[in-house]
Amino acid sequence: MTINTLYGLVRQSTERFASRIAFSMYEGEELTYAEVGRRIARVQETLTGAGLGPGDKVALLSSNMPNWGVCYLAVTSAGMVAVPILPDFSGEELDMIIEHSEARALLVSDRLFTRLSKRTIERLNVVVRTKNLGVISQRVRGEGTTAVPAPDDLAVIIYTSGTTSKPKGVMLTHRALCAQVDMSSAIFPIGGEDTFLSVLPLSHTYECSIGMIYPFSMGARVVYLDRPPTASALMPALRSVRPTVMLIVPLIIEKIYRHQVLAKFNSNGFWRTLYRVGFMRRYLHRVAGKKLMKLFGRRLRFLGIGGAKLDRGAEQFLLEARVPYAIGYGLTETAPLLAGAAPAQVRLGSTGPQAPGVELRLENVDARTRQGEIVALTPSVMLGYYKNPEATAEAFTPDGWFRTGDLGEFDKDGWLYIKGRLKNMIVGPGGENIYPEDIESVLNSHVCIADSIVTEHEGRLVALVHFNREEIEAMLDDWREEWATQKEAWEAKTEQLKKEIMDFVNAKVSRFSRISEVVEEKEEFVKTPTHKIKRFLYNKRGKASGGEEGPQGGPSGSGAR
């Protein structure tokens, strides 16, 4: 029987898998499905005791923990509307989102509670601590009610952390979220024997839909890490949990590739020579892949990668190393999945074909490149942006397809290749379409670059780069005798690197995609919670030597998200 509400999903899973572990904390508490059901009832009793009823909004602002899923499912299965909020928003943004969503209650973790204003807390009916589900404060006492939601009822409002504009509240129905279960199952089936290790924010649709709702519907177990997924935190957790499934953003695997794989094979002339030979590179990748799979606990069946563009070099490593990875494509507005493939089907550079039940097509196709904007027809599409009819209208074609804002192309087999954001595209002097993401992928493959952005300034392509300081400092040992201070050595080395990087990139890209200047970005780029650079802060910044303002100075670039 198809489940089309989160109420139905909760009932089925808590009864069918009652004795199994549903959610657990790494080295912490474990909750069975039956216990999840009991805690859901407890949260609902607290909310109705504060006068809340069907359709009321409840904000969920919490770090990852077993009670995050409890709270989310308690709100939505009661016919109320959950408002999961990304923890990385500023205090001012958190206050704005809670007010804009008209939330009447708040479920919050201890650390994030302190970032909210007193005014915000005082106007809420009730504030509940996610750690132990105890009441922090309660302003209203009354007899609220719950209701069984209908499939097309609003379930959640998710405020996006867009890279090009202020957050917008995406409205998703029960039907939209439950459709993700069927899509995910058709692409990669899971069961009670599977264990997920969760390291991404649950308030992001990618992790919530595929990393929490999907395993909960299938009787699988999800283990949460209570700290950022740095190498020192992740390695012992991988050894202990030995996950069969894990969802990550590209940054995590790119760091492993650059620091553990690429750094090794660039460490001296012998390794560099071997690495340039195709069959030797594939052999070395295979050896490194076996070590990586051991690191993951030897049980990994599915490494899902999404949320941003994956560096081509890192993906080639995963493919040749035979790591069971797959790249999915989707957006918050589509709950999120639009395209994907199982690990056995992956093709380098592609996100796979359209997901089951989804239709994709291209609009305004360029006859030369065969690329156009990807538009989608999916059962998981949003109702619209909360209290923003203008943005909602702009998001759909006249015949009702959702505009993704992404440029892509299909191969003869229907496999999708993402080229970049439509609003990021730069038009060259001869009318050429230049995709900064493609150039950035080449830049980021350089061992000395941690991150980069390519922007246009007065008809020229400028690369803003944040150097990998550890790599460069390792090189400085041979330089320090020639320079009076480490600072002088650093500046000399980075100036040399800028020239090397220009030659490195321009030898690998088309003539019209060549960069004219490399500018060092001394501070790390400002990013969204899913580690995408907030591009609008840097677009059309101009030359660093000209004394332009930094991200806080209000750059002129802007866009849709």
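Numerical summary
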read-out	value
Any hit, the stretch 168-186, residues being assigned to a loop (DSSP other than H, G, I, E, B), under 27 Å from Arg38 (Cβ atoms) and touching a Lys or Arg at 6+ places or on another chain (Cβ under 9 Å)	no
Conditions (1) modelled with pLDDT of 95 or more; (2) among the acidic types (Asp, Glu); (3) assigned to a loop (DSSP other than H, G, I, E, B): number failed by Glu373	(3)
Output for the stretch 27-52, where each listed residue is touching a residue at least 40 places away in the same chain (Cβ under 8 Å), surrounded by fewer than 17 Cβ atoms within 10 Å (Cβ to Cβ) and either outside any loop (DSSP other than H, G, I, E, B) or aromatic (Phe, Trp, Tyr) (or both)	Arg42
Selection from the stretch 72-95 of residues that are free of Cβ contacts under 8 Å to residues at least 60 places away in the same chain and either assigned to a helix (DSSP H, G or I) or not small (Gly, Ala, Ser) (or both)	Ala74, Val75, Gly91, Glu92, Leu94, Asp95
Sole exception among (1) surrounded by fewer than 19 Cβ atoms within 10 Å (Cβ to Cβ); (2) in contact (Cβ under 8 Å) with a residue 40 or more places away in the chain for Ala314, by number	(1)
Which listed residue, of Ile515, Ile501, is part of a helix (DSSP H, G or I), surrounded by 15 or more Cβ atoms within 10 Å (Cβ to Cβ) and in contact with a helix residue (DSSP H, G or I) (Cβ under 9 Å, 6 or more places away or on another chain)	Ile501
Looking only at the stretch 465-498, and only at residues there that are surrounded by 12 or more Cβ atoms within 10 Å (Cβ to Cβ), not β-branched (Val, Ile, Thr) and not in a helix (DSSP H, G or I), the one that is modelled with the highest pLDDT	His466
Of all residues in the stretch 1-20 being in contact (Cβ under 8 Å) with a residue 60 or more places away in the chain and among the aliphatic types (A, V, I, L, M), the one that is farthest from Ile213 (Cα to Cα)	Ile3
Within the stretch 96-121, considering residues that are part of a helix (DSSP H, G or I) and under 15 Å from Gly169 (Cβ atoms), the one nearest to the chain's Cα centre (by Cα)	Ile97
Which listed residue, of Gly307, Gly384, Gly405, is among the small types (Gly, Ala, Ser), touching a Ser or Thr at 6+ places or on another chain (Cβ under 6 Å) and either more than 30 Å from Val83 (Cβ to Cβ) or surrounded by fewer than 23 Cβ atoms within 10 Å (Cβ to Cβ) (or both)	Gly384
Residue, nearest to Lys291 (Cα to Cα), within the stretch 324-370, restricted to residues that are touching a Pro at 6+ places or on another chain (Cβ under 8 Å) and part of a strand (DSSP E or B)	Tyr325
Condition check for Ser24: under 14 Å from Ala220 (Cβ atoms) and either at pLDDT below 95 or part of a helix (DSSP H, G or I) (or both)	no
Ala342 being closer than 24 Å to Thr195 by Cβ, surrounded by fewer than 18 Cβ atoms within 10 Å (Cβ to Cβ) and within 26 Å of the chain's Cα centre (by Cα)	yes
Failed item, numbered, when Lys264 is tested on (1) modelled with pLDDT of 95 or more; (2) over 21 Å from Tyr417 (Cα atoms)	(1)
Failed condition for Lys168, given (1) surrounded by fewer than 21 Cβ atoms within 10 Å (Cβ to Cβ); (2) more than 22 Å from Gly340 (Cα to Cα); (3) not aliphatic (A, V, I, L, M)	(1)
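The values are calculated or read from the model by the stated rules, or taken from the named source; none is laboratory data. All values reported here derive from a predicted model rather than from experimental measurement. Cβ: placed from backbone, ideal geometry, glycine included. Neighbour counts: every protein chain shown.
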